[in-house]
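Note sheet for the following structure.
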Amino acid sequence: MPKVGMEPVRRKALVDATLRAVGDHGSLTVTMSEIARHAGVSAALAHHYFGSKEQLVIETIRSLLRQLRIDAVAALNAAATPREKLSAVIRVNFQAHQFAPETVAAWLAFYSEAQRSEEVRRLLVVYARRLNSNLLSSLKQLCPAATASDIADGAAAMIDGLYLRQGLKSAPVSIESSIALTEGYVNAQLQACGGQPA
C-alpha cells in the first residue's frame, strides 16, 4: 500500500524517469517496468498512479508544457518592451534544460507518438498554439497584423527546426547560435516591414 503523502513525490519521480527513459531510448519503446526502475519504485506502483504507460507519457508531456509555460510567463514578466518580450519568448525555447539531450530526444519521440495518439497530438497542438500566440502578441505591436502572423509562423518554424537538428544530431547548433539565427530572422523581417528590430 502506498505511503500517505508520497503520491506527489512518486508521481513526479515517475514523470522524471519517463523523460530520462524515453530520452535514453530515443523512442517510446520503454516499458513501465523500465520507467519504474529508473524512478526506484515497483511497476505495480507505477500502474497504480498512472494506470498505463500512455497515461504516464501524457502526464510527462503535460509536465514539460507546464514548465515551459512557467518559464515563458516569468521571462515575459521580466521584459519591458514588445521587442524584449519577443526575445524572451525566443530565449525561453532555447534554455539549457530544453536542450538537454534526453529532453530533445523525448520531444521527438512525443512528436512521433502524435501520429498514433490523438491525446498526444492535442497536447502538441497546444504547445504550437501557445508559442505562436506568445510570438504574435509582441509582433502585433511592432508591425502590421498580417506581417506579424507571417513572422510568428517563420520564427516558430525556426525554433522547431533548430530543435529537430539537435535531435537528429545531423547539424547540431549551439543554444547561442540557435538564438542568434532566430533573432536574425526576426530582425530582418521587422526591418523589411518597417518595424522595430533589436
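The values are calculated or read from the model by the stated rules, or taken from the named source; none is laboratory data. Just so you know, these numbers come straight off a predicted model, no measurement behind them. A quick note on method: Cβ atoms are made from the backbone with ideal geometry, for glycine too, and the neighbour counts reach across all protein chains shown. Note: accessible area is taken over every heavy atom of the protein model, side chains too, but ligands, DNA and RNA are not part of it. Shrake-Rupley method; radii C 1.70, N 1.55, O 1.52, S 1.80 Å.
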Inset, instruction - Working carefully through the options Gly154, Gly184, Gly194, find the one that is outside any helix (DSSP H, G or I), surrounded by fewer than 20 Cβ atoms within 10 Å (Cβ to Cβ) and small (Gly, Ala, Ser). - result: Gly194
Inset, instruction - Output the residue which, of all residues in the stretch 30-52 that are in contact with a helix residue (DSSP H, G or I) (Cβ under 9 Å, 6 or more places away or on another chain) and not in a helix (DSSP H, G or I), is least open to solvent (accessible area, probe 1.4 Å). - result: Val30
Inset, instruction - Six or more apart or on different chains, Cβ under 6 Å: which pairs go from a residue in the stretch 102-123 that's over 13 Å from Val57 (Cα atoms) to one that's assigned to a helix (DSSP H, G or I) and of a type in the set (S, T, N, Q)? Could you list them? - result: Val104/Gln166
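Would you list the helices (runs of 4 or more DSSP H) that sit entirely within the stretch 63-146 and hold 1 or more residues that are among the β-branched types (Val, Ile, Thr) and surrounded by fewer than 18 Cβ atoms within 10 Å (Cβ to Cβ)? Reasoning before the result, please.
Details: elements: 82-92, 101-113, 118-139.
Helices (runs of 4 or more DSSP H) meeting the threshold: 118-139.
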Legend entry - Pairs where the first residue, in the stretch 135-159, is more than 17 Å from Thr81 (Cα to Cα) and the second is among the polar types (S, T, N, Q) and buried (at least 18 other Cβ atoms within 10 Å of the Cβ), C-beta under 7 Å, 6+ apart: Ile151/Gln189; Gly154/Gln189; Ala155/Thr182; Met158/Thr182; Ile159/Asn93; Ile159/Thr182
Inset, instruction - Determine whether Gln189 is in contact with a helix residue (DSSP H, G or I) (Cβ under 8 Å, 6 or more places away or on another chain), part of a loop (DSSP other than H, G, I, E, B) and open to solvent by 20 Å² or more (accessible area, probe 1.4 Å). - result: no
Inset, instruction - Evaluate the following for Val15: is it of a type outside the set (Gly, Ala, Ser), at pLDDT 85 or above and either open to solvent by less than 60 Å² (accessible area, probe 1.4 Å) or over 15 Å from Ile61 (Cβ atoms) (or both)? - result: yes
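May I ask you to verify whether Leu162 is buried (at least 19 other Cβ atoms within 10 Å of the Cβ), at pLDDT 95 or above and under 13 Å from the mean Cα position of the chain (by Cα)? Let's see the steps before the verdict.
Numbers: buried (at least 19 other Cβ atoms within 10 Å of the Cβ): yes; at pLDDT 95 or above: no; under 13 Å from the mean Cα position of the chain (by Cα): yes.
Judged against the criteria, Leu162 is not a match.
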